[in-house]
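I have placed the structure first, in the form of structure tokens, so that the comments after it can refer back to it.
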Amino acid sequence: MNWEKVKLSFVINKLESGSRPKGGVSIDGDVPSLGAEHLRSDGGYNFDKLKKVSYEYYNSIKNGKIEKEDILIVKDGATTGKVSYVNSNFPFKSASINEHLFRLKINTNIAEPRFVFYYLFSDFGKREILLDFRGATMGGISRGFIERVQFVLPPLETQKKIAAILDKADELRRNDQEILEKYDQLARSVFLEMFGDPVTNPKQEKIVKLSDISTKITDGVHATQLDSGLAAFS
């Protein structure tokens, strides 16, 4: 197995950023305009507080129009390097990105977009993206980051098989997350049913201080290692 190591630039057909009209965007527009705040840390999207541009503006721009199988990357600010993928479930037929995102279009003749996304989404991929980070107050990455990111590129069919496995793993992870959230909601519901809202205290339960029901409050040993050789946390 002798797979070639390539730069990200080798598998990209297009790299571009977006824009917004001079008058800004609004909730009353026509076409969604995505920014850094709409990319989630799990590779998905958060469409809360979504702003839009007019059809006229959308039709006038040459760059930043989102298409299926695009990879979107936050290019500046506190969440620089965050990555999301535009899969078949993306809910908008037409959408654009603003100036805080990069849009990557992968050359599907040599690379599977999902394979590239999963690499960029990995901790190692994110670290390589941030090798290009510069600036302090409003730092970010330049278009040159695609020359810094390098990864092993298997044959196309192998990439697709790997991506399919990672798709399944991601689906299981998301399902587990949904189950955990439901259990968390159930626990809160049971607590409220038994005791009521702790803020308003509708059942007039007795309120006490933690010190009233504690026999001892202390911290741990202030050392990195005990005499026995066991590690101690402080």
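A few remarks follow.
- Residue-count net charge about Ser142 - beta-carbon cut-off 9 Å; Lys, Arg +1, Asp, Glu -1: +2
- Count Lys and Arg as plus one, Asp and Glu as minus one, and take only other residues whose Cβ is under 15 Å from that of Pro21; the net charge is then +2.
- Paramagnetic label reach from Glu37 (point 7 Å along Cα→Cβ; backbone nitrogen cut-off under 18 Å): within the range 89-127, residues 96-102.
- Neighbour net charge for Leu153 - beta-carbon separation under 15 angstrom, K R +1, D E -1: +1
- Among 160-169, 208-217, the order from most to least packed when residues are scored by Cβ within 10 Å on average: 160-169, 208-217
- From phi via Karplus (6.51, -1.76, 1.60), per-residue ³J(HN,Hα) for the range 65-72 in Hz, x at Gly/Pro: 8, 6, 10, 4, 6, 6, 10, 10
- Order of Phe124, Phe145, Phe151 - criterion: other Cβ atoms within 10 Å of each residue's Cβ, fewest first: Phe124, Phe151, Phe145
- Links that overshoot a 27 Å alpha carbon limit, given the list Lys14/Lys51; Lys52/Lys105; Lys65/Lys126; Lys49/Lys75: none
- Extension gain for the segment Lys22 to Lys161, taken as residue separation times 0.36 nm less the Cα-Cα distance, is 45.6 nm to one decimal.
- Theoretical FRET efficiency, 1/(1+(r/R0)^6), r = Cβ-Cβ of Glu56 and Arg143, R0 35 Å, to 0.05: 0.80
Every number here is computed from the coordinates shown, using simple stated rules; none is lab data. Since the structure is predicted, the reported quantities are computational estimates derived from the model, not experimental observations. Counting neighbours? That spans all protein chains shown, and the Cβs are built from the backbone with ideal geometry, glycine included.
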